[in-house]
Amino acid sequence: MNSLAPLPSTFVCPTLIAAAGDRARLRFLEFFASNIRNRHTRRAYIRAVTEFLDWCAVVAGVTSVIDVEPLHVAVWIEDKTRQRSAPTVKQHLAAIRHLFDWLVTGQIVAVNPASSVRGPSHVIKTGKTPILDAAETRHLLANIDASTHAGLRDRALIALMVYSFARIGAALGMKVEDVYTQNRRLWVRLREKGGKRHEMPCHHNLEDYLVAYLDHANLRDDPKGPLFRTMGRGTRKLTDTPLVQANAHAMIQRRMAEAGIATKAGNHSFRATDITSYLKNGGSLEKAAAMASHSSTRTTQLYDRRHEEMTLDEVEKIGI
């Protein structure tokens with residue numbers, strides 16, 4: 001049955017689930033297969049609920065998922081709060097709540113033992129992702145050697161994240177046909193979180209970088225193929241295999257080092273960089289939210305780092 005579900009090949013059904021019978025086991029697998037569509041969320045939830053259920057079996061002595069009680073959840077969350085960050089613990093609690101909600105509706109358990117358990121308090125007013133300033137970003141793009149397919153690809157990918165507010169997952173999920181012309185202007189089509197289709201016109205710099213990449217890498221004849229691809233070993237040519245996030249992160253670290261930029265930026269840094277730059281240049285928060293495909297401006301505000309520059313200016317007034 002595991003082979004029918006989008007679970008890791010190494011996944012083993014927790015003993016507490018297996019002890020509750022075949023219906024419980026099937027319902028558990030269905031929770032990940034049909035209820036959670038995002039693979040990153042699925043992976044995180046598998047890790048959280050497996051860790052909790054294993055703890056219940058080994059430490060708390062619970063013999064079946066039917067016997068899990070609110071006290072078990074509360075003790076486990078309290079223990080995790082001393083070991084992990086508040087956001088991580090809240091995510092783990094959310095995974096347990098959602099799983100037991102699913103088991104309740106499937107009539108596997110009578111009540112959700114996690115529904116009454118409170119997680120650690122966590123208030124966030126600004127994001128913690130490191131960002132680059134505008135000068136660093138321009139320097140990074142200008143420093144990339146555009147005489148090779150790898151350089152053209154890397155410059156286009158970074159520019160896409162910079163000028164379209166794109167998440168790395170949406171950027172790497174693009175096909176060649178997702179770069180298209182409309183009203184004499186180049187546009188990009190992104191598929192963001194939750195399957196939301198998001199289309200944006202290209203900034204003139206991004207248009208130049210994408211056109212150069214498409215033309216020199218001869219990608220226009222493969223509209224259904226991935227836009228950003230891996231490089232063949234020893235060939236210096238693009239393959240038909242899409243670039244993955246881990247490789248994109250390694251590429252960004254390499255390009256940052258080559259440009260002499262010390263900021264510890266990653267894939268997500270460019271999203272905060274360009275939102276901050278847009279707002280500094282008079283852009284509205286509402287438009288920034290729409291361009292970033294955010295459902296709420298409150299999320300967009302987490303990416304706004306203009307106040308950090310104000311704080312630095314104030315610190316420099318200390319005359320010692």
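The values are calculated or read from the model by the stated rules, or taken from the named source; none is laboratory data. All of these numbers come straight from a predicted model, not from anything done at the bench. Counting neighbours? That spans all protein chains shown, and the Cβs are built from the backbone with ideal geometry, glycine included. For the accessible areas, the whole protein counts, side chains as well, though only heavy atoms, and no ligand, DNA or RNA atoms are used. Shrake-Rupley method; radii C 1.70, N 1.55, O 1.52, S 1.80 Å.
The residues listed here are 79, 67, 145, 133; of these, the one that is open to solvent by 50 Å² or more (accessible area, probe 1.4 Å), more than 23 Å from residue 267 (Cβ to Cβ) and either over 20 Å from the mean Cα position of the chain (by Cα) or free of Cβ contacts under 8 Å to residues at least 24 places away in the same chain (or both) is 67.
Within region 181-192, restricting attention to residues that are more than 24 Å from the chain's Cα centre (by Cα) and closer than 15 Å to residue 214 by Cα, which residue is least open to solvent (accessible area, probe 1.4 Å)?
So in region 181-192, the residues more than 24 Å from the chain's Cα centre (by Cα) come out as 181-186.
Remaining after also requiring closer than 15 Å to residue 214 by Cα: 181, 186.
Values: 181: 99, 186: 13 Å².
That would be 186.
Against the list (1) loosely packed, with under 13 Cβ neighbours inside 10 Å; (2) modelled with pLDDT of 90 or more; (3) more than 23 Å from the chain's Cα centre (by Cα), the condition residue 234 fails is (2). Any residue at all in region 244-253 that's assigned to a loop (DSSP other than H, G, I, E, B) and either farther than 25 Å from residue 277 by Cβ or modelled with pLDDT of 95 or more (or both)? Yes, region 244-253 contains at least one residue that is assigned to a loop (DSSP other than H, G, I, E, B) and either farther than 25 Å from residue 277 by Cβ or modelled with pLDDT of 95 or more (or both). Taking region 263-318 as the range and being part of a loop (DSSP other than H, G, I, E, B), modelled with pLDDT of 70 or more, closer than 23 Å to residue 157 by Cα and of a type in the set (Ser, Thr, Tyr) as the test, only 263 passes.
Of all residues in region 8-66, those that are more than 19 Å from residue 114 (Cβ to Cβ) and in contact with a Cys (Cβ under 8 Å, 6 or more places away or on another chain) total 2.
Just wondering, is there one or more residues in region 161-180 that are among the polar types (S, T, N, Q), more than 20 Å from residue 223 (Cα to Cα) and either within 18 Å of the chain's Cα centre (by Cα) or open to solvent by 50 Å² or more (accessible area, probe 1.4 Å) (or both)? Checked against the condition, which is being among the polar types (S, T, N, Q), more than 20 Å from residue 223 (Cα to Cα) and either within 18 Å of the chain's Cα centre (by Cα) or open to solvent by 50 Å² or more (accessible area, probe 1.4 Å) (or both), region 161-180 yields at least one hit. Considering region 174-193 alone, what residues qualify as being in contact (Cβ under 8 Å) with a residue 40 or more places away in the chain and either in contact with a Phe, Trp or Tyr (Cβ under 6 Å, 6 or more places away or on another chain) or not in a strand (DSSP E or B) (or both)? Of everything in region 174-193, those that are in contact (Cβ under 8 Å) with a residue 40 or more places away in the chain and either in contact with a Phe, Trp or Tyr (Cβ under 6 Å, 6 or more places away or on another chain) or not in a strand (DSSP E or B) (or both) turn out to be 174, 176, 177, 178, 192, 193.
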